[in-house]
1. What angle, in degrees between 0 and 90 and rounded to the nearest 10, separates the Cα long axis of helix 178-193 from the longest principal axis of the Cα atoms of the chain?
2. Would you mind working out the accessible area per residue for the chain, using a 1.4 Å probe, and quoting it in Å²?
3. What size of dipole, in debye to the nearest 20, comes out for the chain about its Cα centre when the only charges are +1 on Lys and Arg C-beta atoms and -1 on Asp and Glu C-beta atoms?
4. Quick one: of 52/184; 140/161; 23/52; 52/123; 40/161; 40/123, which pairs are farther than 32 Å apart, Cα to Cα?
5. Give me the distance in nm between label points sitting 7 Å out from Cα along the Cα-to-Cβ direction at residue 98 and residue 122, one decimal.
6. Per residue of the stretch 74-85, in order, report the coupling 6.51 cos²θ - 1.76 cosθ + 1.60 (Karplus, θ = phi - 60°) as ³J(HN,Hα) in whole Hz, putting x for Gly and Pro.
7. As a check on your grasp of the helix formula, calculate [θ] at 222 nm for the chain: sum -39500 (n - 2.57) over DSSP H runs of n ≥ 4, divide by the residue count, round to the nearest 500.
8. Calculate the FRET efficiency for residue 42 and residue 175 from the Cβ-Cβ distance with a Förster distance of 35 Å, rounded to the nearest 0.05.
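The values are calculated or read from the model by the stated rules, or taken from the named source; none is laboratory data. Only a predicted model underlies this, so the values are computations on that prediction, with no experimental measurement involved. Quick reminder, even Gly has a Cβ in these numbers, built from the backbone with ideal geometry, and neighbours come from all protein chains shown. Only protein heavy atoms, including side chains, enter the accessible area calculation; ligands, DNA and RNA are left aside. Shrake-Rupley method; radii C 1.70, N 1.55, O 1.52, S 1.80 Å.
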Amino acid sequence: MNKLLLAVALATAFTAPAFAALKVGDTAPDFTAKASLGGKEFTFSLADALKKGPAVVYFYPSAYTGGCDLEAHTFAGSADKFAAAGASIIGVSADNMERLNQFAADPAFCAGKFPIASDESLKVANSYNLSTTPPRDGAKDVRGVEIGHGFIERVTYVIGKDHKILAVMSSTADKLTPDQHVDKSLAIVQQIKS
């Protein structure tokens with residue numbers, strides 16, 4: 001219990017309150033979603049992931065866009081450190097499975113190191129009370145491919161095995177760059193482990 005209190009104290013030191021309605025201490029909504037790991041589809045379950053240890057659930061606007069590419073690449077580069085701390089990672093966006101299968105397997109981004117889930121209906125994002133925006137006419141990704149889906153704000157949650165939110169990091173509220181979401185969430189899960 002002391003480790004949990006220390007982790008919560010550390011999390012609040014790392015993060016300012018986010019605009020997301022869910023905050024430190026709230027119970028994270030369970031969800032299942034179609035996901036891809038290295039281009040292979042499966043069903044991700046947050047409840048199952050939390051049985052093994054804390055989970056880092058990061059919401060991002062779209063695969064193959066500048067900040068999202070940096071964030072995925074940084075999570076992939078640190079995936080072994082998250083695993084060593086007993087934590088799982090799941091990225092969530094409104095991308096469809098075709099885009100996610102490509103992004104999940106792409107060696108420049110997720111590189112098969114962690115799963116990413118599709119929230120095309122925005123049901124998961126809405127359950128976390130995140131801001132979403134509708135598709136933008138003519139929006140294209142870095143490959144020149146039309147995006148065609150809505151966008152979820154960039155927010156990362158560190159969730160404890162007890163389903164309680166230990167930390168919330170928001171690019172909007174906390175002015176964090178995409179890679180800082182990775183660094184801060186890694187520091188928190190490493191603190192929980194120690």
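1. So the inclination is approximately 30 degrees.
2. Heavy-atom SASA per residue in the chain reads 44 Å².
3. 560
4. Long pairs (Cα-Cα over 32 Å): 140/161.
5. Each label point lies 7 Å from its Cα, and together they span 2.2 nm.
6. Calculated HN-Hα couplings, in order: 5, 4, 4, x, 9, 4, 5, 5, 4, 4, 5, 8 Hz.
7. After summing the helix terms and dividing by the residues of the chain, the value is -11000 deg cm²/dmol.
8. That gives a FRET efficiency of 0.50.
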